[in-house]
Amino acid sequence: MDFPRINPVANSDELRERISAFFSSNSREKRAYKKTSNQLTISEFECIQEKTNFASPSQDIRTFLNFINSAISNGDVYLFGGMLRDIAIFGKSGFYSDIDIVIEGDWDTLIPYFHSTKAIKNKYGGYRLLVDKWPVDVWQAKETWAIKQGLVKYKDIFSLTDTTILNWDGILMNWRTKVFIHKKEYFEDINKRTLKVVLTENPNPIGTIVRVFRHLYHKDAAKITIPTIHFIVDATCKYSYHEIKKAELSSYGNSIIEPHLYMFFNELQYYSEKEVKLMFDKNFEPNCLRNGLLGQLAI
């Protein structure tokens, strides 16, 4: 399977330029996307647009974001997570997935609009709809799953950087000001391709380990922390390779997690903490993966 070339940005200014370029040519027409079961079909969405009395904000993502931003009387609109991550790592042509939007402020103002378009309300309290054939999820900042569960205390929008599964997802961009919100080591981590698990609790635990494995492979993680290693090892003890592969196929429509990658981490359960650390250098770089100490790994 072919993947985009890794080309991480060095700082927020470079990422801002990429985001601007993305929104200058963001039509979904030429981008392949796997339709998921909770995604509106194009015909369904066009039918909804015809029936609504709202002025359609759905010509493109930029127009939609401007519409949402102007509709809330008090607060801000943020891009969050995967879109920013993939554009930061690969460039504007490397993003093909869902767009996550977080609202901090007057959420109730938007609910009539979502109802009028018959946007799908998901089980985590957000709404899903199509905009220019892009699947878009819109959330209220204080109602995200980790905050509602009491796993992360909400202080301000920065709190959301502690709610992601992985450190590479922990970034937001204020749509109005174009200011990024992230931890200070964010750009260093994506440049060194250092992967860290941030929040292990998740309503879809097997989906979490699938995402971690796919990041190791697809996004070319070069360094992983010891807590992240423990998390992966524990997951391989809980789930078989076939269970993980099945979950991956269900979520992504393809499988890139190789059995030897799974077996490598599964074998680590039989090693002591000291032995595991000896397999990694002082920066926890998984040289053992490249040197094949426990099998030839495609990573």
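Read the figures in this text as sums done on the coordinates, not as results from a lab. Remember, it's a predicted structure, so these values are computed and weren't measured experimentally.
Kirkwood Rh over Cα pairs of the range 175-249 into Stokes-Einstein at 10 °C, 1.306 mPa s: D in µm²/s?
On the way: Rh = 13.8 Å.
Result for D is 115 µm²/s.
Which of rounded, prolate, oblate describes the range 193-291, given a ≥ b ≥ c as roots of the alpha-carbon gyration tensor eigenvalues and a/c under 1.5 marking rounded, otherwise prolate only if a/b is larger than b/c? Intermediate values should be presented prior to the final figure.
Numbers: a/c = 1.64, a/b = 1.54, b/c = 1.06.
In terms of gyration-tensor shape, prolate.
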